[in-house]
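Worksheet: the structure to be examined is printed underneath.
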Amino acid sequence: MIRDISSAAMIFQSLPGDWTLVRDIGPTGKFKGDVTFRLIEPEKTGIIRYREEGVLERGDGKRFDGYREYDFVLHEDLPGIELLFRDPLSFGNRYVLLQFGENAADVLCARDIHPCGDDFYHHCMIWHDENHFETKIKITGPKKDHLLHSIYLRKPKA
């Protein structure tokens, strides 16, 4: 597999802005909300803050507000985009490193695996274009066995 910084850099530079998010969590429910990608400091052009906010609607109809944050860090030496946790328990630790290089049907793909205790998060990002990407995260292990499928669409500029 050829890993190419130009693919990672192009994707990274395309992320800033506002997006909609729909996440299928299988029998558990669906999450719908908004995502923002923002440069955290103008002089740190290689770090983008990701924040999702929305509502989880469980299969039983109960609804909960939720949010999650990551830092996306562009690495030219690896090359790829590293996702770092922002939650208090794992702050600053790597979630995954996305190294783009798989091409299929005019899309770019990147995969990595994150161990979490005895469970594993098999993360796949599929980049369609600057207005559409998706992630598929297969979680396997003794405590979990499900798929999180998220679709991101860029919001039109107002």
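Remarks
- Residues that are surrounded by 14 or more Cβ atoms within 10 Å (Cβ to Cβ) and under 16 Å from Ile113 (Cβ atoms) were ranked within the stretch 128-145; the one that is modelled with the lowest pLDDT is Lys144.
- In the stretch 4-37, the residue that is farthest from Phe85 (Cα to Cα) out of those that are touching a residue at least 24 places away in the same chain (Cβ under 8 Å), in a helix (DSSP H, G or I) and more than 14 Å from the chain's Cα centre (by Cα) is Pro27.
- Note on the stretch 38-65: residues that are modelled with pLDDT under 95 and not in a strand (DSSP E or B) total 10.
- Of the residues making up the stretch 49-68, those that are small (Gly, Ala, Ser) and exposed (fewer than 14 other Cβ atoms within 10 Å of the Cβ) are Gly59, Gly61, Gly66.
- Listed by position, the strands (runs of 3 or more DSSP E) enclosed by the stretch 66-131 that each have at least 1 residues that are among the charged types (D, E, K, R) and without any contact (Cβ under 8 Å) to a residue 60 or more places away in the chain are 80-85, 94-98, 107-116, 119-129.
The values are calculated or read from the model by the stated rules, or taken from the named source; none is laboratory data. These figures come from a predicted structure and were not determined experimentally. For neighbour counting, all protein chains shown are included, and Cβ atoms are generated from backbone atoms with ideal geometry for every residue, glycine included.
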